[in-house]
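Written out below as structure tokens is the structure these notes cover.
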Amino acid sequence: IKGQYGKHFAAYDDKLRGELLRQQAIIDGMETALSEGQFMLYLQPKYRIRDNKLVGAEALIRWNHPIWGFQLPAEFIPLFEKNGFIAKLDQFVWDKACSTLREWDEKGYLPISISVNVSRADIYNINIIEILMDTVRRHGLRPSRLHLEITESAYTEQPAQIIETITKLRELGFIIEMDDFGSGYSSLNMLNQMPLDILKLDMKFIQGETGKSVGQGILQTIVELARRMRLSVVAEGVETKEQLDRVAETGCDYVQGYYFAKPMPIQDLEALLKERRAA
Ligand code: C2E
Ligand code: CA
Ligand code: CA
Ligand code: CA
């Protein structure tokens, strides 16, 4: 019996050790990765349902690691949220998003907006307003070109502080999107008190319960509620024509999802903008 337990613990230890080593390697490599350009911005197009028009994009980070290859955020973002590096990485993303918008403006493309993710560590930073204003100013952009995506769960921690911060950001012209709405924490009641422009529905509304009336009814109710509160609604994670039809039926405003386009390198989105200008 003792031997069996020993083996069990040994296997567990190995797994834990492997995970800790991986985490340590990520932490050891992050500063170099940033300075050597291993982090890349990908952009996922967002379309207006009414006329199929490309109106914006979400910035999503990728890590092109020299040894591990192409890494998705799930591999490193949670770690960076814990050790604080997320602030630096997000600053990089915001700057890159702004410089890209500026460059495209100068090339004469029809202006789009870029939505950036603002992690909870960023939004609770006491300097966040200055940091964001400084970022858009440095690139000569109006704040409204940058949409700030704040995940639903971040709202619930210190509602009073976050309401104050977001109210100021909105007064300055930033557009605020609540990300992952309906993923669990928020109550409908909270929506009422939140300064907000856009509701971004959690993927589970779109991907779960396909075609079932309960799912569709809830979706419909949320979109109607949003409309009454003068919020726009984005459906995320639309992968099929059926899902698009379901979402469109509710009167939802915008879609983002693999059915239209996956997150892509900046140049690929630029190609779409060129096409649109030509059209
Ligand atoms: P999120 O903000 O909810 O981003 C949406 C995620 O859904 C992205 O995953 C996107 O690639 C994926 N997605 C888009 N359309 C579809 C679809 O049709 N089907 C499916 N199954 N997935 C779809 P990604 O890029 O792996 O990012 C994961 C999460 O990592 C993001 O979730 C966000 O919370 C975080 N993240 C990504 N980039 C950044 C960043 O620059 N800063 C911060 N703070 N967080 C980031
Ligand atoms: Ca997001
Ligand atoms: Ca999220
Ligand atoms: Ca989301």
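The values are calculated or read from the model by the stated rules, or taken from the named source; none is laboratory data. The structure displayed is predicted, hence computed values, not measured ones. Every residue, glycine among them, receives a Cβ derived from its backbone with ideal geometry; neighbour counts consider all protein chains shown. When the accessible area is computed, the model is the full protein with side chains, heavy atoms only, and any ligands, DNA or RNA have been set aside. Shrake-Rupley method; radii C 1.70, N 1.55, O 1.52, S 1.80 Å.
Looking at (1) acidic (Asp, Glu); (2) assigned to a loop (DSSP other than H, G, I, E, B); (3) under 24 Å from ASP268 (Cα atoms), which one does ASP95 not meet, given that it meets all the others?
(2)
Can you name every residue in region 163-208 that is open to solvent by 30 Å² or more (accessible area, probe 1.4 Å) and among the hydrophobic types (A, V, I, L, M, F, W, C)?
Within region 163-208, ILE163, LEU172, ILE175, LEU188, MET203, PHE205 meet the criteria.
Residues being in contact with a strand residue (DSSP E or B) (Cβ under 7 Å, 6 or more places away or on another chain) and within 16 Å of ligand 3 (Cβ to nearest atom): count how many of those fall in region 156-195.
7
Name the single residue that is farthest from ligand 2 (Cβ to nearest atom) among those in region 232-260 being touching a strand residue (DSSP E or B) at 6+ places or on another chain (Cβ under 9 Å) and among the β-branched types (Val, Ile, Thr).
Looking at residues that are touching a strand residue (DSSP E or B) at 6+ places or on another chain (Cβ under 9 Å) and among the β-branched types (Val, Ile, Thr), I get THR250.
Does region 250-268 hold any residues that are open to solvent by 50 Å² or more (accessible area, probe 1.4 Å) and polar (S, T, N, Q), and which are they?
Hit for region 250-268 is GLN267, nothing else.
So ILE175 passes all but one of these: (1) of a type in the set (A, V, I, L, M, F, W, C); (2) away from ligand 1 (no atom under 12 Å from the Cβ); (3) more than 24 Å from LEU269 (Cβ to Cβ). Which condition number does it fail?
(3)
Does region 246-254 contain at least one residue that is over 17 Å from ARG50 (Cβ atoms) and not in a helix (DSSP H, G or I)?
Checked against the condition, which is being over 17 Å from ARG50 (Cβ atoms) and not in a helix (DSSP H, G or I), region 246-254 yields no hits at all.
Going residue by residue through region 128-151, is there one that turns out to be part of a helix (DSSP H, G or I), within 11 Å of ligand 1 (Cβ to nearest atom) and in contact (Cβ under 8 Å) with a residue 40 or more places away in the chain?
Step one: filter region 128-151 for residues part of a helix (DSSP H, G or I), giving 128-138, 143-145.
Of the ones still in play, those that are also within 11 Å of ligand 1 (Cβ to nearest atom) are none.
The answer is no; no qualifying residue exists.
Residue by residue through region 87-106, note down the ones that are open to solvent by 10 Å² or more (accessible area, probe 1.4 Å), within 12 Å of ligand 1 (Cβ to nearest atom) and of a type outside the set (A, V, I, L, M).
Correct list: LYS88, ASP90, GLN91, PHE92, ASP95, LYS96.
Could you grab the pairs with beta carbons closer than 6 Å, sequence gap of 6+ or different chains, first residue in region 157-179 and in contact (Cβ under 8 Å) with a residue 12 or more places away in the chain and among the aromatic types (Phe, Trp, Tyr), second one open to solvent by less than 20 Å² (accessible area, probe 1.4 Å) and within 16 Å of ligand 3 (Cβ to nearest atom)?
Going by the 6 Å Cβ cut-off, the qualifying pairs are PHE174/LEU148.
Scan ALA154, ALA74, ALA59 and give me the residue that is open to solvent by 50 Å² or more (accessible area, probe 1.4 Å), within 16 Å of ligand 4 (Cβ to nearest atom) and of a type outside the set (D, E, K, R).
It is ALA74.
Any residue that is free of Cβ contacts under 8 Å to residues at least 12 places away in the same chain, part of a helix (DSSP H, G or I), farther than 20 Å from GLY56 by Cβ and among the basic types (Lys, Arg) - is there at least one of those in region 226-234?
Looking for residues that are free of Cβ contacts under 8 Å to residues at least 12 places away in the same chain, part of a helix (DSSP H, G or I), farther than 20 Å from GLY56 by Cβ and among the basic types (Lys, Arg), one finds at least one in region 226-234, hence yes.
Being within 15 Å of ligand 1 (Cβ to nearest atom) and either in contact (Cβ under 8 Å) with a residue 24 or more places away in the chain or among the acidic types (Asp, Glu) (or both): is that true of GLU31 here?
When the stated conditions are applied, GLU31 does not pass them.
Kindly provide the set of residues from region 81-139 that are within 16 Å of ligand 3 (Cβ to nearest atom) and within 18 Å of TYR155 (Cβ to Cβ), ordered by number.
GLU81, ILE86, ASP90, SER115, VAL116, ASN117, VAL118, SER119, ARG120, ALA121, ASP122, ILE123, listed by residue number.
Among (1) surrounded by 13 or more Cβ atoms within 10 Å (Cβ to Cβ); (2) within 15 Å of ligand 1 (Cβ to nearest atom); (3) over 14 Å from the mean Cα position of the chain (by Cα); (4) assigned to a strand (DSSP E or B), there is one condition PRO45 misses while meeting the rest; what is its number?
For PRO45, the exception is condition (3).
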